[in-house]
Amino acid sequence: MRKKLQFLLLLLCAVFILLSFSCQGPALKSTTDTNELSGTISISGAWALYPMTVKWAEEFQKLHPKVRIDISAGGAGKGFTDAITGMVDLGMFSRGFTQAELDRGIWYLGVTKDAVIPVVNHKNPFLDELLITGISREKLRQIFIERSITKWNQLVEVQSNDGIHVFTRSDACGAAEIWAEYLGRHQENLSGTGVFGDPGVASAVRNDALGIGYNNVNYVFDLNTRLPYPGLVVIPVDLNSNGVIDDDENFFGTLDSLNEAIRNRKYPSPPARPLYFVAKSKPDKKVVIEFLKWILIHGQQFVEEAGYVSLSEDFITMELLKLE
């Protein structure tokens with residue numbers, strides 16, 4: 001009898017424990033699900049910001065696996081249009097804002113910096129001379145805007161009649177607008193063979209020994225070697241227009257030296273510039289706000305390895321106020 005009583009007591013205890021776990025289980029799971037960030041973020045726009053946004057999205061989704069971030073490139077113009085019409089949560093934008101754009105009530109947030117740089121083919125027959133003299137802003141203007149310089153012998157003293165094959169962007173984009181702004185005009189004033197997207201311009205120049213174009217930094221430099229991709233060479237800009245690249249202008253050879261020059265403002269702005277996310281109004285989706293806060297507070301640690309220039313603490317503080 002005593003053994004039966006002990007068995008019944010043990011059985012009752014086991015049932016009590018099982019019931020306790022079965023009651024607590026769903027409650028604990030529900031609490032976890034409630035607190036875990038989830039949702040979808042849609043982003044489109046500037047090629048300049050695309051690689052950095054992909055990196056941020058990958059790292060953020062490691063922390064929040066229930067968040068889905070859809071990203072597509074297509075130019076700053078597309079990003080602006082998609083954002084202002086509400087087709088996406090955020091547009092990637094890579095130039096300054098016009099007054100007309102600001103008058104539409106666009107909301108924007110600065111997240112990193114980069115620059116547009118001139119590139120030529122590594123087999124350019126006049127490369128040695130070009131690396132010594134560089135190309136001044138005025139001569140770049142004469143190549144891309146005025147078309148008064150159309151042959152390589154107008155840039156360097158060589159016995160050649162070879163023409164300069166100019167490539168520009170065919171899509172409405174921040175890179176073209178900021179490059180044109182540096183040269184004193186607008187994208188529609190740029191001449192040359194139109195090519196879609198940053199990868200398109202880089203490919204066109206890589207395949208033409210007499211070609212010249214302009215690209216965002218991340219489409220010129222390999223993130224692993226920190227050197228230009230095979231087939232491309234950055235032509236140094238003769239910033240003081242003295243006809244030679246001085247020591248303090250000689251920072252175009254590696255990604256890190258160029259970004260240091262952008263950070264220290266040795267490379268002018270434009271063509272260096274901040275990069276933005278834009279929206280038709282301040283985002284109200286929790287997942288979007290948390291993603292943007294994370295980019296400013298924690299995401300900056302990935303900026304330099306991804307080939308961009310991190311923001312100053314003062315700038316970050318100012319941008320965080322926009323999210324309050």
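The values are calculated or read from the model by the stated rules, or taken from the named source; none is laboratory data. Since this is a predicted model, take the numbers as computed values, not measurements. Quick reminder, even Gly has a Cβ in these numbers, built from the backbone with ideal geometry, and neighbours come from all protein chains shown.
In region 91-145, the residue that is farthest from the chain's Cα centre (by Cα) out of those that are part of a loop (DSSP other than H, G, I, E, B) and closer than 20 Å to Ala172 by Cα is Arg104.
Filtered by the rule that a residue be touching a residue at least 24 places away in the same chain (Cβ under 8 Å), more than 30 Å from Val205 (Cβ to Cβ) and of a type in the set (A, V, I, L, M), region 97-129 gives Ile106, Leu109. Count of region 191-227 residues, restricted to those that are out of contact with any helix residue (DSSP H, G or I) (no Cβ under 9 Å at 6 or more places or on another chain) and among the β-branched types (Val, Ile, Thr), is 1.
Of the residues that make up region 218-225, is at least one under 16 Å from the mean Cα position of the chain (by Cα) and of a type in the set (S, T, N, Q)? Yes, because at least one residue in region 218-225 is under 16 Å from the mean Cα position of the chain (by Cα) and of a type in the set (S, T, N, Q). Checked against the criterion of being out of contact with any strand residue (DSSP E or B) (no Cβ under 7 Å at 6 or more places or on another chain) and not assigned by TED's automatic domain parsing to the domain that holds Leu131, the candidates Pro268, Pro283, Pro230 yield just one match: Pro283.
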